[in-house]
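The values are calculated or read from the model by the stated rules, or taken from the named source; none is laboratory data. Quantities reported herein were computed from a predicted structural model and do not represent experimental measurements. Glycine gets a Cβ as well: all are built from the backbone with ideal geometry, and neighbour counts include every protein chain shown.
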């Protein structure tokens, strides 16, 4: 990449110049060459600009996995705007909340989301700010201007926008402790720095094939979408249906000759247990990367033994810094009941491990991990309160300071200098790789008029994979009609929480156990709820 091409969307144009006929993204039986991707992103950028979208605006991407996902990401950035991926499976109120927070100037969608979008656009405040909807029929979003995808195919190309590397490229919203999601702002500089470092570390080359298993609103997706055009590789966008059918997913991996896999451990556990991997040819697979949550050693060992030709990497990094550490796992690392090491911070980052007073800890002591990196976010969208606590500044000279992100993760360094995850500073957890604040779940439960108090906890399921599950306990208000069915409370919570954050079960208690200081004794509640961690038939975790 030339020195001038420090923008994420320029990766597409450079790839089109170098490898015009090479496939860029695949979805099902369809594919786009790099030349076609460059043309279609130009058309989308031109349509957005023609309807008043300008540099610095935010554009919501409200669509399921598809080839339009790739077109949308780079087309929005070509228009000078930042893309904001919306969870297509989230409750309508949550999707609306994110769009309103960002004051989106446009929405990119497609037919499967038409009904939900119509309901969202009934909000007058949102409707007043949206200048165009791409991928919708005009009569469905009137009076807002609209262009459907076939119309876009014959539109003129983009008008070039003067974008700089420090400009905003995308905002990913994640769970917030106050009950409201928080937006992580990344610039072209931070996104591109991550792509360059990751592509080099995992040896991504022209004609490689990456796997896009994660949805757009999950930060893992940036590896697949950014590293491919940087290197001339192709990305297979994995349909949601395949993600739910491990045997079909294994067939897809074999058919497309995937070279790099990146997902949460749960997806790999499902492949191991139900994918029939011993009957598939995975000889093209060079890297199996996982992150977002611990990988049980017994499952990881089984997978490594089935795929001896592949390297396995435990990838670590909060969405705020993309990635910052890496550990190439060997069979000797694996001990049942112990997660593989987080590894060493990579060369593109500097780290500190500090105690509660921000003093560096001694060797082999635990402390909070702080990260300084070119891959680091600009900050949280319009949340000065969060930004004030998210960063630590270290004096370099009288007028120069280093800025570190406080990860909230507690780590310790082992005898060989590798970091190991030891817990969370706050009450944030990860479920299936999705970041969830237990406080947010409690806030959602407590919002129910019948609930007096709520406590959300995570317990280990008793099933074969010991996957963590979220459970909750509530007490009810005496002056409200009794709720005889706790499932009613769970259904109500599901209206304002994403599926992965909705408690698997809710138990109604007469009162909560308390600590000596009068606080809710969550440990005692957790012991009471452990039996409810037994695996049940669930439709909401995929």
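The table for this structure:
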| read-out | value |
| --- | --- |
| Subset of segment 290-300 [more than 20 Å from residue 211 (Cβ to Cβ) and crowded, with 18+ Cβ neighbours inside 10 Å] | 296, 297 |
| Criterion violated by residue 218 - all others in (1) in contact (Cβ under 8 Å) with a residue 60 or more places away in the chain; (2) part of a helix (DSSP H, G or I) satisfied | (2) |
| Residue among 365, 382 that alone is under 28 Å from residue 220 (Cβ atoms) and touching a residue at least 12 places away in the same chain (Cβ under 8 Å) | 382 |
| Tally, over segment 121-157, of residues that are under 27 Å from residue 8 (Cβ atoms) and under 29 Å from the mean Cα position of the chain (by Cα) | 14 |
| Flag if residue 415 is over 20 Å from the mean Cα position of the chain (by Cα) and assigned by TED's automatic domain parsing to the domain that holds residue 499 | no |
| Test: residue 264 is touching a residue at least 60 places away in the same chain (Cβ under 8 Å) and within 30 Å of residue 183 (Cα to Cα) | yes |
| Residues (farther than 29 Å from residue 384 by Cβ and within 14 Å of the chain's Cα centre (by Cα)) located in segment 172-214 | 212, 213, 214 |
| Complete set of residues in segment 357-374 that are surrounded by 14 or more Cβ atoms within 10 Å (Cβ to Cβ) and in contact with a strand residue (DSSP E or B) (Cβ under 7 Å, 6 or more places away or on another chain) | 358, 361, 366, 367, 368, 369, 370, 371, 372, 373 |
| Search result, residues across segment 392-410 that are at pLDDT 95 or above, out of contact with any helix residue (DSSP H, G or I) (no Cβ under 9 Å at 6 or more places or on another chain) and surrounded by 18 or more Cβ atoms within 10 Å (Cβ to Cβ) | 392, 404, 407 |
| Members of segment 361-391 found to be at pLDDT 95 or above and part of a strand (DSSP E or B), listed by number | 368, 369, 370, 371, 372, 373, 379, 380, 391 |
